[in-house]
Amino acid sequence: INKIINKDLLNLFSNIKIRLLASKIYNPIGFQNVTLIIDGHDSKIKYYNPDTQRIKLYSYKLKKPGVRTQIVCDMNKMMIFISDSEKCGESSDGSMFLKMNLFKKMHIGDCLAMDGGYPLFLNNFKENAINAGFDFKDMNFVYPVRKEKDSTLSINELHYNKVFGSFRSIIENEFSVLGSKFERFNNNKPATQVSDIKYYNLQFKLICLLKNRWQ
């Protein structure tokens with residue numbers, strides 16, 4: 001079932017031609033090459049496993065126990081690549097990004113937008129891609145300008161980061177759509193009870209599929 005859902009998410013709702021066209025129509029000036037956006041989504045849970053320490057589940061975003069899932073969304077608001085879910089206290093966006101092996105799923109014409117934590121892992125990503133026979137370059141990724149120690153950002157850099165942050169909020173809006181349509185995944189509701197993260201993850205991928213069909 002997991003393989004079927006992943007296949008449907010990718011093949012039914014998005015391809016490189018659709019992504020490139022949507023980017024030219026919807027993206028702001030300066031970001032019309034961006035076809036994909038990645039972000040981590042934390043879900044509030046009650047995890048029933050006596051061998052799991054609470055600290056391993058703690059989410060700094062939620063201030064409560066949770067699991068984290070990486071989601072890649074295209075410019076048509078389709079959620080097309082979904083990672084396995086992990087305990088928030090044991091995972092980071094960057095490490096999960098590497099585990100997704102997106103070089104096997106992205107097209108060489110794609111450009112992936114990400115926040116400031118992911119770029120620290122890009123060299124590892126590109127090295128893994130080369131070892132697997134893929135050749136992704138810096139132009140396949142876009143992220144905020146990083147402020148160096150003892151320096152200040154220029155007016156242009158500040159403006160770039162502001163526009164980029166607003167543009168990247170597209171994916172956060174889609175997280176809100178998931179929560180509004182599926183109460184089980186609404187962090188404002190009582191925490192979801194989970195006994196095995198892999199079943200939670202399967203359910204999460206399924207609602208992304210249903211959300212895409214609704215979209």
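Taking amide hydrogens as placed 1.01 Å from N in the peptide plane, the amide H of residue 59 sits under 5 Å from those of 64, 66, each at least 5 positions away in sequence or on another chain. Near the amide H of residue 47, within less than 5 Å, lie the amide hydrogens of 194, all on another chain or at least 5 residues away, with H placed in the peptide plane.
Counting only protein heavy atoms and a probe of 1.4 Å, the accessible surface of the chain is 53% carbon and sulfur.
Pairs exceeding a 22 Å alpha-carbon distance, out of 44/104; 63/189; 24/181; 17/137; 105/137: 44/104; 24/181.
Stokes-Einstein, applied to the Kirkwood radius of the stretch 73-113 over Cα pairs at a viscosity of 1.306 mPa s and 10 °C, places its translational diffusion at 136 µm² s⁻¹. Note on residue 149: aspartates and glutamates with a C-alpha under 16 Å away, same-chain residues under 8 apart excluded, are 157.
Considering only 150, 138, 74, the Gaussian network model of the chain with Cα springs below 10 Å gives its largest mean-square fluctuation to 150. Just to be sure I follow the definition: excluding the sites themselves, where is the longest run in the chain that has none of the chymotrypsin sites (Phe, Trp or Tyr not before Pro) in a DSSP loop with at most 11 other Cβ atoms within 10 Å? So the longest stretch without any such site is 61-215.
The residues of the chain present an accessible area of 55 Å² per residue when probed at 1.4 Å with all protein chains retained. Can you compute the FRET efficiency between residue 145 and residue 203 using 1/(1 + (r/R0)^6), with r the Cβ-Cβ distance and R0 = 41 Å? Round to the nearest 0.05. With a Förster radius of 41 Å, E is 0.60. Phi-derived couplings, Karplus 6.51 cos²θ - 1.76 cosθ + 1.60 at θ = phi - 60°, listed residue by residue for the stretch 73-83: 10, 9, 6, 8, 6, 8, 8, 10, 10, 10, 7 Hz, with x used for Gly and Pro.
Highest mobility in the GNM of the chain, judged by mean-square fluctuation with C-alpha springs under 10 Å and restricted to 76, 33, 124, is found for 124. Sites listed here are GluC sites (Glu not before Pro) in the stretch 138-215 whose DSSP assignment is loop and whose Cβ has at most 14 other Cβ atoms within 10 Å: 148.
Dividing the summed helix terms, -39500 (n - 2.57) for each DSSP H run of n ≥ 4, by the number of residues in the chain produces a 222 nm estimate of -12500 deg cm²/dmol to the nearest 500. Expressed as a fraction of 2.2 N^0.38 Å, the C-alpha radius of gyration for the stretch 18-94 is 1.42. Scanning residues 5 or more positions from residue 70 or on other chains, those with amide H under 5 Å from its amide H are 41, 83, with H placed 1.01 Å from N in the peptide plane.
On the beta carbon distance between residue 214 and residue 155, with R0 = 35 Å, the FRET formula returns roughly 0.25. For the chain, the spherically averaged projection of the C-alpha convex hull amounts to 13.1 nm². Couplings 3J(HN,Hα) for the stretch 59-67, derived from phi with the Karplus relation 6.51 cos²θ - 1.76 cosθ + 1.60 (θ = phi - 60°), are 9, 6, 6, 8, 6, 8, x, x, 10 Hz, where x marks Gly and Pro.
A DSSP coil position with no more than 15 other Cβ atoms inside 10 Å describes the following trypsin sites (Lys or Arg not before Pro) in the stretch 138-185: 146, 147, 149.
The values are calculated or read from the model by the stated rules, or taken from the named source; none is laboratory data. Quick caveat: nothing in here was measured; it's all calculated off a predicted structure. Please note: Cβ atoms are built from the backbone with ideal geometry, for glycine as well, and neighbour counts cover all protein chains shown. Please note that ligands, DNA and RNA were not included when accessible areas were found on the heavy atoms of the full protein model with its side chains. Shrake-Rupley method; radii C 1.70, N 1.55, O 1.52, S 1.80 Å.
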